[in-house]
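Student: Could you have a look at this structure, given as structure tokens, before my questions?
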Ligand SMILES: Cc1ncc(COP(=O)(O)O)c(C=O)c1O
């Protein structure tokens with residue numbers, strides 16, 4: 001008896017590329033190697049104190065029971081208020097469903113909307129889990145690639161050309177993981193104008209990196225455009241902006257009939273998410289954003305540091321990310337080169353070789369639909385980032 005007995009649905013899934021690399025890095029570190037791990041997409045800051053205090057209070061006050069499936073009313077209200085304040089999005093608490101992280105919220109939204117055989121347009125490079133979530137829903141991913149020279153962003157023309165009668169959903173993250181690209185209001189309005197012409201198409205807008213945006217124009221939510229508002233499912237959470245990855249709180253904001261579908265699904269599969277974490281998230285959404293801004297400043301400093309150092313490496317092509325905490329260099333110059341022992345054929349080879357040679361853990365672009373690139377998380381101390389770039393520079397000098 002073995003894996004072939006698992007369902008074909010599960011056997012068709014890829015393992016998460018980011019988690020796979022993190023596991024290998026941990027193994028090397030356990031053997032005593034000084035690994036610099038830049039593979040995981042996780043803030044290196046602690047959750048702000050006022051949020052932790054709210055969780056402690058919740059424990060003491062006895063919030064220990066099952067929570068309502070869609071979330072506590074005060075949390076749903078805090079989220080509705082946040083959407084109004086930050087995103088110009090007018091939704092009431094009844095439009096919000098709280099889930100176990102933005103990842104869960106995205107997977108739920110896809111399950112609730114996509115029928116087998118329907119197409120989901122995914123703007124690439126994309127976060128590793130999108131295409132796998134579509135597979136689980138038995139939908140078909142249609143990958144549309146943003147060009148390096150357009151800061152990895154998909155143009156409205158490219159989007160329109162990918163639409164077919166089977167298109168059900170278009171999904172993307174802005175700010176983006178892995179590229180850090182940010183779609184401007186103008187670009188999002190152009191995308192929305194196309195969606196408006198196709199009344200059966202929905203938009204899944206992943207805004208989890210909202211607070212880590214370095215552009216002068218700031219964040220814009222496509223769901224705030226009235227003509228398509230009822231067809232946009234906005235996903236966000238507390239993981240990145242509030243440094244709360246382990247608390248597992250995300251949410252969807254959508255039309256009520258979609259929210260009801262999401263609640264029905266969650267009611268049968270997971271029930272409401274952790275009661276204590278919900279109280280912490282309520283404090284995050286209602287509270288001050290000073291800590292979030294401080295973290296953003298640190299990420300801003302680090303992107304300049306890392307991109308500056310990576311641009312000194314011969315052959316690397318590096319865009320300046322406008323948001324999130326990743327650098328995403330094109331490393332294809334090294335494909336076909338060798339250090340005499342290992343030949344680098346693709347980004348997977350490059351990242352594995354780099355880990356073994358320089359003990360720097362990164363993630364290959366292949367899992368993100370960008371096989372020429374590698375992702376480097378900048379959510380680490382400045383000294384670590386500088387040392388990692390130095391190690392990469394020294395290592396690649398051996399490739400001929
Ligand atoms: C683009 C994107 N969306 C969603 C998530 C998931 O967020 P959460 O930790 O809230 O599930 C991540 C996490 O890496 C992400 O990068």
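The values are calculated or read from the model by the stated rules, or taken from the named source; none is laboratory data. Keep in mind it's a predicted model, so treat the numbers as computed, not measured. For neighbour counting, all protein chains shown are included, and Cβ atoms are generated from backbone atoms with ideal geometry for every residue, glycine included.
Student: Can you run down the residue pairs with Cβ atoms below 9 Å, 6 or more apart or on separate chains, where the first is in the range 100-113 and farther than 21 Å from residue 278 by Cβ and at pLDDT 95 or above and the partner is within 12 Å of the ligand (Cβ to nearest atom) and assigned to a helix (DSSP H, G or I)?
Tutor: 110/130; 110/133; 111/133
Student: Another question, if that's okay. Considering only residues that are assigned to a loop (DSSP other than H, G, I, E, B) and buried (at least 19 other Cβ atoms within 10 Å of the Cβ), look in the range 119-141 and name the one that is nearest to the chain's Cα centre (by Cα). Step through it out loud before you land on a result.
Tutor: Just the residues of the range 119-141 that are assigned to a loop (DSSP other than H, G, I, E, B), to begin with: 125-128, 137-139.
So of that shortlist, the ones also buried (at least 19 other Cβ atoms within 10 Å of the Cβ) come out as 125-128, 137, 139.
Working: 125: 11, 126: 8, 127: 5, 128: 8, 137: 19, 139: 20 Å.
Here the residue is 127.
Student: Do we have residue 231 as within 29 Å of residue 94 (Cα to Cα), more than 16 Å from the ligand (Cβ to nearest atom) and modelled with pLDDT of 95 or more here? So that I can check it myself, show each step before the final result.
Tutor: Working: within 29 Å of residue 94 (Cα to Cα): yes; more than 16 Å from the ligand (Cβ to nearest atom): yes; modelled with pLDDT of 95 or more: yes.
Criteria met by residue 231.
Student: Quick check, is residue 197 closer than 30 Å to residue 268 by Cβ, surrounded by fewer than 18 Cβ atoms within 10 Å (Cβ to Cβ) and free of Cβ contacts under 8 Å to residues at least 60 places away in the same chain? Full working, then the answer.
Tutor: Values: closer than 30 Å to residue 268 by Cβ: no; surrounded by fewer than 18 Cβ atoms within 10 Å (Cβ to Cβ): yes; free of Cβ contacts under 8 Å to residues at least 60 places away in the same chain: yes.
So residue 197 does not fit the description; no.
Residues checked against (1) in contact (Cβ under 8 Å) with a residue 40 or more places away in the chain; (2) out of contact with any helix residue (DSSP H, G or I) (no Cβ under 6 Å at 6 or more places or on another chain):
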{"position": "201", "(1), (2)": "no, no"}
{"position": "208", "(1), (2)": "yes, no"}
{"position": "226", "(1), (2)": "no, yes"}
{"position": "233", "(1), (2)": "yes, no"}
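Student: Among the residues of the range 38-51, what is the count of those that are more than 15 Å from the ligand (Cβ to nearest atom) and in contact with a helix residue (DSSP H, G or I) (Cβ under 7 Å, 6 or more places away or on another chain)? Outline the logic, then answer.
Tutor: Restricting attention to the range 38-51, the residues satisfying the condition of being more than 15 Å from the ligand (Cβ to nearest atom) are 46, 48-50.
From the residues that got through so far, the ones that are in contact with a helix residue (DSSP H, G or I) (Cβ under 7 Å, 6 or more places away or on another chain) too are 48, 50.
Residues in the range 38-51 being more than 15 Å from the ligand (Cβ to nearest atom) and in contact with a helix residue (DSSP H, G or I) (Cβ under 7 Å, 6 or more places away or on another chain): 2 in total.
Student: Criterion first (away from the ligand (no atom under 16 Å from the Cβ), closer than 23 Å to residue 102 by Cα and in contact with a strand residue (DSSP E or B) (Cβ under 9 Å, 6 or more places away or on another chain)) does residue 153 satisfy it? Talk me through it step by step, then tell me what you get.
Tutor: Working: away from the ligand (no atom under 16 Å from the Cβ): no; closer than 23 Å to residue 102 by Cα: yes; in contact with a strand residue (DSSP E or B) (Cβ under 9 Å, 6 or more places away or on another chain): yes.
In short, no.
Student: As an exercise: evaluate residue 182 against (1) within 16 Å of residue 79 (Cβ to Cβ); (2) away from the ligand (no atom under 12 Å from the Cβ) and give the number of the one condition it does not meet.
Tutor: (1)
Student: Quick one: residue 88 ticks every box in (1) surrounded by fewer than 19 Cβ atoms within 10 Å (Cβ to Cβ); (2) at pLDDT 90 or above; (3) at negative phi; (4) within 25 Å of the chain's Cα centre (by Cα) except a single one, so which number is it?
Tutor: For residue 88, the exception is condition (3).
Student: So residue 45 ticks every box in (1) within 23 Å of residue 243 (Cα to Cα); (2) in contact with a strand residue (DSSP E or B) (Cβ under 7 Å, 6 or more places away or on another chain); (3) not in a helix (DSSP H, G or I) but one. Which box is left unticked?
Tutor: (2)
Student: Still on this structure, please answer the following. Given the options 279, 296, name the one that is modelled with pLDDT of 95 or more, crowded, with 22+ Cβ neighbours inside 10 Å and in a helix (DSSP H, G or I). Break it down into steps so the answer makes sense when it comes.
Tutor: On the way: 296 fails: crowded, with 22+ Cβ neighbours inside 10 Å.
One residue alone meets the criteria, 279.
Student: Of all the residues that make up the range 235-252, how many are near the ligand (Cβ under 9 Å from one of its atoms) and more than 16 Å from residue 54 (Cα to Cα)?
Tutor: Number satisfying all stated conditions: 7.
Student: Scan the range 4-21 and tell me whether some residue there is touching a helix residue (DSSP H, G or I) at 6+ places or on another chain (Cβ under 8 Å) and without any contact (Cβ under 8 Å) to a residue 12 or more places away in the chain.
Tutor: Here is the first cut: in the range 4-21, the residues touching a helix residue (DSSP H, G or I) at 6+ places or on another chain (Cβ under 8 Å) are 4, 9, 11-14, 16-18, 21.
Imposing the further condition that a residue be without any contact (Cβ under 8 Å) to a residue 12 or more places away in the chain reduces the set to 4, 11.
Yes, the range 4-21 contains at least one residue that is touching a helix residue (DSSP H, G or I) at 6+ places or on another chain (Cβ under 8 Å) and without any contact (Cβ under 8 Å) to a residue 12 or more places away in the chain.
Student: Inspect all residues belonging to the range 142-149 and state whether any of them is more than 29 Å from residue 285 (Cβ to Cβ) and touching a helix residue (DSSP H, G or I) at 6+ places or on another chain (Cβ under 6 Å). Before the answer, list the steps.
Tutor: Pass one, the range 142-149, residues more than 29 Å from residue 285 (Cβ to Cβ): 142-149.
Of the ones still in play, those that are also touching a helix residue (DSSP H, G or I) at 6+ places or on another chain (Cβ under 6 Å) are 142, 144.
Yes, some residue in the range 142-149 is more than 29 Å from residue 285 (Cβ to Cβ) and touching a helix residue (DSSP H, G or I) at 6+ places or on another chain (Cβ under 6 Å).
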